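Please treat every number below as a calculation from the coordinates, not as lab data. Because the structure is predicted, anything quoted here is derived from the model rather than measured. Neighbour counts are summed over all protein chains in view; Cβ atoms, including those assigned to glycine, are modelled from backbone coordinates with ideal geometry.
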Amino acid sequence: MIRTVVVAGALLLGVGLFGVGAVMAQQDVAVKQDNLMRAQGKSMYGVILKTVKGEIPYDQKAIDAAFKDLEASVPTIPNAFATNPKEDVVNATYGASQKIWQNKADFDSKVPAVSKALADVKRTAKDVASLKVAFDTVQAKCTDCHETFRVKLK
C-alpha cells in the first residue's frame, strides 16, 4: 500500500513538474525571441537612429559595427521563431503575433528583404545624410514584418 502511494505521488509530482517545465521552456523561447529583437533594436535605434537624429555623434566604427551585428542576426530570425511559445515575455511592450505560426512561410519570406536592404546600404552610410537614407531603407523592410507579425502588449 505504501509503495502504491509513493509511486502515485511520484507520478503526480512528475506530471506537475513536466507542466511547469513546459511552461518554463515556452517562456525561455519567448525570452530568446525577445532578446534577438532587442539586440537588433539596439543596433537600429540605439546606434543608427540616434546618430541620424543627432543624439549621438557620427562614429563610422559604431555604424559599421551596428550594420555588421544586424547582418549577422537578421538571418537567424526564422530559426529563432521556429517554435511558438504561445505566451509573451512577462512585462514586455511587444510580442510575437500568432500570425507568425499561422503563416510561417510569409513570415520567413520577409527576412531576405531585410538582409538585402542591409547589404545594399551598409557601404553607402558615410555621413549622417547617407545614414538617414540607409536607415529609412532598412526600417521600411523591418516595418513590413512588424506591422503584420508584432503585437503591442502595453
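Overview of values
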read-out: Any hit, the range 107-118, residues being assigned to a helix (DSSP H, G or I) and more than 22 Å from Glu71 (Cα to Cα); value: no
read-out: Options Ala96, Ala125; residue that is under 18 Å from Val52 (Cβ atoms), buried (at least 16 other Cβ atoms within 10 Å of the Cβ) and of a type in the set (A, V, I, L, M, F, W, C); value: Ala125
read-out: Among the residues listed as Asp64, Asp28, the single one being farther than 21 Å from Phe135 by Cβ and of a type in the set (D, E, K, R); value: Asp28
read-out: Every residue from the range 64-107 that is under 27 Å from Thr124 (Cβ atoms) and within 15 Å of the chain's Cα centre (by Cα); value: Asp69, Leu70, Glu71, Ala72, Ser73, Val74, Pro75, Thr76, Ile77, Pro78
read-out: Residue match in the range 82-91 (condition: in contact (Cβ under 8 Å) with a residue 12 or more places away in the chain, assigned to a helix (DSSP H, G or I) and of a type in the set (Val, Ile, Thr)); value: no
read-out: Checklist (1) more than 18 Å from Ile63 (Cβ to Cβ); (2) exposed (fewer than 13 other Cβ atoms within 10 Å of the Cβ); (3) touching a residue at least 12 places away in the same chain (Cβ under 8 Å) applied to Glu147, failing item; value: (3)
read-out: Among residues of the range 33-62, those that are polar (S, T, N, Q), surrounded by 15 or more Cβ atoms within 10 Å (Cβ to Cβ) and either over 30 Å from Trp101 (Cβ atoms) or free of Cβ contacts under 8 Å to residues at least 12 places away in the same chain (or both), counted; value: 1
read-out: Meets criteria (in contact (Cβ under 8 Å) with a residue 12 or more places away in the chain, of a type in the set (A, V, I, L, M), surrounded by 13 or more Cβ atoms within 10 Å (Cβ to Cβ) and over 15 Å from Met37 (Cα atoms)) for Ala65; value: yes
